[in-house]
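Taking it in order: structure first as structure tokens, then the write-up.
The values are calculated or read from the model by the stated rules, or taken from the named source; none is laboratory data. Note that this is a predicted model, so its numbers are computed, not measured. When we count neighbours, we look across all protein chains shown, and the Cβ atoms used for this are built from the backbone with ideal geometry, even at glycine. SASA here: full protein model, heavy atoms, side chains in, ligands and nucleic acids out. Shrake-Rupley method; radii C 1.70, N 1.55, O 1.52, S 1.80 Å.
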Amino acid sequence: MTPVVNEILRSGGNSNSNSSGSTQHQLMDQRKRKRMESNRESARRSRMRKQKHLDDLVGQITELKKDNNQILTSINFTTHRYLNIEAENSVLRAQMTELSQRLDSLNDILLYLNREGIEYTTDCFTNPFNVPYLHQQPPIMASAHIFQN
């Protein structure tokens, strides 16, 4: 037992004695100091938990920012590729339209030649240098930069 408790037991718990009142006061002061010390320790542990939680949140923020930057980089790269492919598709569509028009023109010529009974060889269609009117059509001039904004 503590000396204070021993003193209280010796005095018989008589609160009328002067030493007993002093002992009780010391006992209450000791309990108060212990409670204050316990509260301080509890507050210190609470601050440490709070700081650890804050550090964890800061770590999560850093990780999420890093992930966000990677996603943005990926989006930018994908968008750039998409725009390039879209421009290439536009060029291919324009070329397809031009070639379709040329094919239609050649079919019209064949139809005319067949209707008029004009003799022709297939060499004049497979070798464009043999047909002078084919040189009158302009070459296909579409390119990707025409369709980009």
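Assorted remarks:
- Surface accessible to a 1.4 Å probe, per residue, for the residues of the stretch 58-105, Å²: 83 Å²
- Highest to lowest packing among 69-75, 23-29, scored as the average C-beta count within 10 Å: 23-29, 69-75
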